[in-house]
Every structure is written in structure tokens, then in C-alpha cells.
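*Asks:* The structure that follows is given in the form of C-alpha cells.
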Amino acid sequence: MLFIKRMKTTRYFEEDVLGKKRPYMKREWCMEAIQSPDHKMLQPDGRVRYYKYIAEVQKFVRVITLADGETVHNIFFDRRFKPKDH
């Protein structure tokens, strides 16, 4: 039997990000970014940024988590992100 861990999210993420601002974003993209990021960095406020190229849309997403590194707070397409190997 396969057990899938439920993604932790903030109320802001659920109500504002997915609910109003960016309903086209997919939860699976958040999980992909956190589980196998193309790049990861710590913000000065302790939150964590995960960058992942999403081939389906040919864009990079930036997923922001709380300081625990797993509670998703935001996701958006990051037009300015340039991977170091490109």
C-alpha cells in the first residue's frame, strides 16, 4: 500500500494563493520543488525558497516554505530566476 504524505500549507496559501491569486498552480509542483529542487536558498527571514523547472509549462516555479522547510506558503512563476548551468 502506498502512503502519500499530506502537504502542509498555510492558510494564506490555501485561501489567497490557490483560492484567488493563482488557482492554476498545482500542488504537485510544490511537492516536486521541495522534494527535488533545481536550486534552494534560505531567505533572511528564515523561510526557504525552492526553485524547480516545470517542463509542462516551460517555466521555473519558486515555492516558499516557512522556516521548517515543508509548510508551503507561496508559489509563483519566477521569470527572473536563471539557473547557474544555463
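*Asks:* For the structure I just gave you, tell me whether Y50 is modelled with pLDDT of 95 or more and in contact with a helix residue (DSSP H, G or I) (Cβ under 7 Å, 6 or more places away or on another chain). Quick ask: steps written out before the conclusion?
*Replies:* On the way: modelled with pLDDT of 95 or more: yes; in contact with a helix residue (DSSP H, G or I) (Cβ under 7 Å, 6 or more places away or on another chain): yes.
In short, yes.
*Asks:* In segment 46-73, what residues are of a type in the set (V, I, T) and within 8 Å of the chain's Cα centre (by Cα)? Break it down stepwise before answering.
*Replies:* Let us first name the residues in segment 46-73 that are of a type in the set (V, I, T), namely 48, 54, 57, 61, 63-65, 71-72.
Listed by number, the residues that qualify are V61, V63, I64, T65, V72.
The values are calculated or read from the model by the stated rules, or taken from the named source; none is laboratory data. Note that this is a predicted model, so its numbers are computed, not measured. Note that each Cβ is placed from the backbone with ideal geometry, even for glycine, and that neighbours are counted across all protein chains shown.
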